[in-house]
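In what follows, a structure is listed as structure tokens, so that the remarks can point back to it.
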Amino acid sequence: MRQTHKFVIAALLAVGSAGAQQTPAKNVIFFLGDGAGISSLNAASIYGYGRPQALYLQRMPNLALADSSTAKEWVTDAAAAVTAIATGVKTRNGVVSQTATAVRDVRDGDNLKTIMEYAEERGLSTGIIANDDRTGVTIAAVAAFYAHHNNRQRSAEIFQQILNPKFGKGPDVVIGTGLKWISAESTKLGHNLDTEIPAKGYAYVHSLNEVKQLDPDKDRLIALFDDGDFDLNTAVEQAVTRLSRNPKGYFLVVFSDCHLGKAGKSLARIVELDKTVQAAAELHQKDTLVLMTADHSYDLRIKGESLVETAKGATSAQIASVISLEDQHTAEEVPVLAVGPCSNRARGFISNTDIFHIMMGALGWESYRQQARYPVSGDGGWDYITVDSEARRLYVSHETQVNVLDADTGKPIGVIADTPGVHGTAIASAQRHGFTSNGKEDKVSIFDLADLRLIRKVDVGKGPDGIYFDAASNRVFTNNHGSHDVSAIDAFTGEVVGTVKLDGDGEQAIAAANGLIYVNSENTSEVVAFDPKTLQVKSRFPVGVAKTPTGLAYDARSNRLFIACRNPPKMVVMDAANGKVAASLPIGTGADAAAYDADSKTIFVSNADGVLNLFRQKSADEYEALGPVMTQPSAKTMAFDTKTKRVYLPAADVDVIPAANASERPQRKIRPGSFAVLVLRPAQNPAPKL
Ligand SMILES: [Zn+2]
């Protein structure tokens, strides 16, 4: 399996009491204060109320601190920050809900479905409110919920995605600023909003008063105007009145610009936003997750060089005069404040992508959830994990040994020792033999499945990595990364019976309905099919749309291969008969394993960035993303248990020590005692009443 050189941030998984069954939220109101970091909240409280911690926000029952870094930068902009929150995937600055493969204003990445679009697909009503002075409702911090673009500044094209959404049906209620700007930009592209908006079934009005006067049955409306100082609370209540008529619930995004370059106005905006959050929480928290966060913090703070002016009796003008405001985004964590159903998942230091999972989880939409964590002793590296579904055992490769655990309890059963550089384990139940690929000694250990004792070692090609058993030929195969070939071993006698000239470094492999074995070749970016009996290569299919294929899964009914690729990160669907690529969908970074559940027609891809992607097969060539599920950074490999439908993922807290100079790689270190197998089970919470 491929070594991970990706920069993986170690993060403690803040699961909290997520395992406990809670009634899911019917609705979500998501508030975003532009730039409303900790120091801004502190200053706003002193500015507005003459004392610290006087805001409702500062009394909310659940608080987390979210890292806001992007896929490429430590300091985020609003586009990358809210893409992470809305999609659960980090991208690069300037890009709106597309993958980090986008190049700003040059090339699209893959579109990432947002939680608002999931909500629309599930029949909920959706809305947005924004008071940004210039770009209004097309500001990146809001657009990232409904639009997909490689450049946050393309306001007209972004606005068009309200009317012509890539997923879902577009927001139902849009209230906010940007009338002049969006109209002018749209005209430049030949659009006429005065006719296009009503043609899409929206009432189109130009003040909050007109919104109030609209028939309450009018559930699709766009109110665009230019005064950013409209009453935010009234706008929220107008939106909720209409959205809440939908018995399935709603998802509402409320954006307030608290990042204005002028301290007094920014702080007044926070005080107003605070009152709006309080009102919404008091009215709706019974069935609504109310969550507030910031896209980024910036350098607005009360500084104490001039101790006289910061005296407690200072006037608000004096306070405003000692506020230091350097209009630069900063890298520190932003607060995440929450109340309502499942809000207690907002705790600890988290990633901004976790906000997506908190909201998905609160709505009951995470299809898998963590059930247990099996600790495994020892601090060595790991690679593949194998589940023996019948025998209820897990085989966890672990540097110089394989830890064998009870799949249902995590209880250690034993150890297969002396397997230097082990990558994986293959199980031949009928022969009662197990096989490990010992990458550092070019050997395979053959052990007795009953007592885990070594029977003998056999020499294979150089650098054996992935290892798998083919029941039809009764053979075990190792993908040798040093010699770029595949060794075939008779599973009963343990003799090496030949070599497949793969001319590539094999990754995951599957046995297809035609009797051939298909294996990903990561360095040549192909899927190679060989005959397990004659050991002849029968076909080589280039993946084409992506490089570095690692994980591979297969559906025999449709004869489709599911290929997890790293560069760019995509799950590619290929016809096994002819190598034709039928579809490709974005996945997390550092994918290393894939699986297919024929019963639920679900494809799983595990990624080193701490995300498990799930896709539903709608037909042989049609696939849709289910919400990605949070695992843990480093959980790149997995095993799918066909019997219980559980997914097992080995993971540890991995620190990345920055290199002393640019020519060196950062050093990766596993924190002692942190290695474990995460156990995810299908979420039984029957929340989505569709
Ligand atoms: Zn900002």
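The values are calculated or read from the model by the stated rules, or taken from the named source; none is laboratory data. Please read these numbers as outputs of a predicted model, since none were measured by experiment. Ideal geometry is used to build each Cβ from the backbone, glycine not excepted, and the neighbour counts take in all protein chains shown.
Structural remarks
- Members of the range 579-604 that are buried (at least 22 other Cβ atoms within 10 Å of the Cβ) and either outside any strand (DSSP E or B) or among the polar types (S, T, N, Q) (or both): Ile587, Gly588, Thr589, Gly590
- Residue match in the range 653-672 (condition: within 25 Å of Glu366 (Cα to Cα) and free of Cβ contacts under 8 Å to residues at least 40 places away in the same chain): no
- In the condition set (1) farther than 17 Å from Gln98 by Cβ; (2) assigned to a loop (DSSP other than H, G, I, E, B), Lys180 is compliant with all but (2).
- Residue check for Gly33: part of a strand (DSSP E or B), over 15 Å from the mean Cα position of the chain (by Cα) and closer than 26 Å to Ala320 by Cβ: yes
- All positions within the range 38-77 that are among the small types (Gly, Ala, Ser) and out of contact with any His (no Cβ under 7 Å at 6 or more places or on another chain): Ser39, Ser40, Ala43, Ala44, Ser45, Gly48, Gly50, Ala54, Ala64, Ala66, Ser69, Ala71
- Residue within the range 264-277 that is in contact with a His (Cβ under 7 Å, 6 or more places away or on another chain) and in contact (Cβ under 8 Å) with a residue 40 or more places away in the chain present: yes
- Listing of helices (runs of 4 or more DSSP H) fully contained in the range 257-373 that carry 2 or more residues being within 30 Å of Val647 (Cα to Cα) and among the polar types (S, T, N, Q): 352-362
- Ser397 meets the conditions (1) of a type in the set (Ser, Thr, Tyr); (2) surrounded by fewer than 23 Cβ atoms within 10 Å (Cβ to Cβ); (3) in a strand (DSSP E or B) in every case but one. The failed one is (2).
- Inside the range 428-481, residues that are under 21 Å from Thr637 (Cα atoms) and in a loop (DSSP other than H, G, I, E, B) make up a count of 4.
- Just so you know, in the range 484-515 the residues that are part of a loop (DSSP other than H, G, I, E, B), of a type in the set (A, V, I, L, M, F, W, C) and touching a residue at least 40 places away in the same chain (Cβ under 8 Å) include one that is surrounded by the most Cβ atoms within 10 Å (Cβ to Cβ), and it is Ala491.
- Ala86 being modelled with pLDDT of 95 or more and within 20 Å of Asn150 (Cβ to Cβ): yes
- Of the residues making up the range 338-380, those that are over 14 Å from the mean Cα position of the chain (by Cα) and of a type in the set (A, V, I, L, M) are Ala338, Val339, Ala346, Ala362, Leu363, Ala372, Val376.
- Of all residues making up the range 605-653, the number that are surrounded by fewer than 24 Cβ atoms within 10 Å (Cβ to Cβ), in contact with a strand residue (DSSP E or B) (Cβ under 8 Å, 6 or more places away or on another chain), of a type in the set (Lys, Arg) and part of a loop (DSSP other than H, G, I, E, B): 2
- Selection of the range 469-521 for residues being aliphatic (A, V, I, L, M) and out of contact with any Asp or Glu (no Cβ under 8 Å at 6 or more places or on another chain) yields Ala471, Ala472, Val486, Ala488, Ala491, Ala509, Ile510, Ala512, Ala513.
- Contact map, the range 28-41: first residue more than 9 Å from the ligand (Cβ to nearest atom), second residue of a type in the set (Phe, Trp, Tyr) and modelled with pLDDT of 95 or more, Cβ cut-off under 7 Å, separation 6 or more or different chains; pairs are Val28/Phe251; Leu32/Phe255.
- Residues in the range 272-305 that are more than 28 Å from the chain's Cα centre (by Cα), surrounded by 24 or more Cβ atoms within 10 Å (Cβ to Cβ) and among the charged types (D, E, K, R): Asp274 alone.
- When restricted to residues that are away from the ligand (no atom under 14 Å from the Cβ), polar (S, T, N, Q) and assigned to a loop (DSSP other than H, G, I, E, B), the range 122-152 contains 2.
- Residue within the range 89-104 that is within 16 Å of the ligand (Cβ to nearest atom), outside any loop (DSSP other than H, G, I, E, B) and crowded, with 24+ Cβ neighbours inside 10 Å present: yes
- Restricting the range 232-247 to residues that are β-branched (Val, Ile, Thr) and either part of a loop (DSSP other than H, G, I, E, B) or in contact with a helix residue (DSSP H, G or I) (Cβ under 9 Å, 6 or more places away or on another chain) (or both), the residue that is farthest from Val28 (Cα to Cα): Thr234
- With respect to (1) closer than 30 Å to Trp74 by Cα; (2) at pLDDT 95 or above; (3) away from the ligand (no atom under 16 Å from the Cβ), the lone exception for Cys342 is condition (2).
- Scope the range 616-649; condition modelled with pLDDT under 95 and under 13 Å from the mean Cα position of the chain (by Cα); matching residues: Ala625, Leu626, Gly627, Pro628, Val629, Met630, Thr631, Gln632, Pro633
- Boolean, Val174 is within 16 Å of the ligand (Cβ to nearest atom), β-branched (Val, Ile, Thr) and not in a loop (DSSP other than H, G, I, E, B): no
- The range 66-88, residues that are buried (at least 24 other Cβ atoms within 10 Å of the Cβ), assigned to a loop (DSSP other than H, G, I, E, B) and away from the ligand (no atom under 14 Å from the Cβ): Gly88
- Of the set (1) within 30 Å of Ala86 (Cα to Cα); (2) buried (at least 19 other Cβ atoms within 10 Å of the Cβ), all apply to Arg373 but (2).
- Subset tally (residues that are more than 25 Å from Met638 (Cβ to Cβ) and of a type in the set (A, V, I, L, M)) for the range 506-539: 2
- For the range 97-118, residues that are under 15 Å from Ile162 (Cβ atoms) and among the hydrophobic types (A, V, I, L, M, F, W, C) total 1.
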